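Presented below is the structure to which this report refers.
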Amino acid sequence: MSSQNDHSRSQYHDAFSAIMKITFRDGDTTEDEKVFLKYLATKLGISDAEYKTISDNYMKQAIEAPYTYTERLENFYKVVQVIYEDKDIEGKHQSMWLERMAKAMGFNPSNVQYIVAKSLTLFKDGTDLASYKEAIKNMNS
């Protein structure tokens, strides 16, 4: 087997696999959720082939969060950006998806609602990545 698969993987492969696993694990995934997952995959640079691989194997995927908190923040920033900019996802749906994704990415479940609320406020204010990371890291200060 060639190593092409390793080179063609999106940097968001593992996080997206975890999101898919969390979304599908209870067996009552809606059509809207499936459409959104495909949309999110495209926005995260996950190719059709990679999406198929993930969807065929998501239950085998261990949920592995990015190693460092900074990596999680950088990945979550991109996810928040995608969802925030999508005018079809607003209000409680926006928060629901972001909370689900934050948990999949390894954020402490007891902090997820606060991280999501703060993230949305920061995006509303036009915060860049560096300022975002600093603000989230210092939320409890």
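Here are some notes:
- Number of residues in region 99-115 that are assigned to a helix (DSSP H, G or I) and closer than 13 Å to residue 72 by Cα equals 6.
- Filter result (outside any helix (DSSP H, G or I) and either at pLDDT below 85 or among the aliphatic types (A, V, I, L, M) (or both)) within region 40-52: 44, 46
- Some residue of region 78-89 being more than 14 Å from the chain's Cα centre (by Cα), in the same structural domain as residue 123 (by the TED database), without any contact (Cβ under 8 Å) to a residue 12 or more places away in the chain and outside any helix (DSSP H, G or I): yes
- Some residue of region 60-79 being surrounded by 17 or more Cβ atoms within 10 Å (Cβ to Cβ), touching a Phe, Trp or Tyr at 6+ places or on another chain (Cβ under 7 Å), more than 21 Å from residue 138 (Cβ to Cβ) and not β-branched (Val, Ile, Thr): no
- Test: residue in region 119-133 that is of a type in the set (Phe, Trp, Tyr), surrounded by 14 or more Cβ atoms within 10 Å (Cβ to Cβ) and assigned to a helix (DSSP H, G or I): yes
Quick grid of which residues meet (1) modelled with pLDDT under 80; (2) part of a helix (DSSP H, G or I):
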residue: 1; (1), (2): yes, no
residue: 6; (1), (2): yes, yes
residue: 22; (1), (2): yes, yes
residue: 28; (1), (2): yes, no
residue: 33; (1), (2): no, yes
residue: 38; (1), (2): no, yes
residue: 57; (1), (2): no, yes
residue: 65; (1), (2): yes, no
residue: 72; (1), (2): no, yes
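- Selection from region 37-57 of residues that are in contact (Cβ under 8 Å) with a residue 40 or more places away in the chain and buried (at least 19 other Cβ atoms within 10 Å of the Cβ): 40, 50, 54
- Failed item in (1) modelled with pLDDT under 95; (2) farther than 20 Å from residue 21 by Cα; (3) polar (S, T, N, Q), with residue 131 passing the rest: (1)
- Qualifying residue in region 87-94 (condition: at pLDDT below 90, under 19 Å from residue 20 (Cβ atoms) and touching a Pro at 6+ places or on another chain (Cβ under 6 Å)): no
The values are calculated or read from the model by the stated rules, or taken from the named source; none is laboratory data. All values derive from a computational prediction rather than experimental measurement. We place every Cβ from the backbone using ideal geometry, glycine too, and count neighbours over all the protein chains shown.
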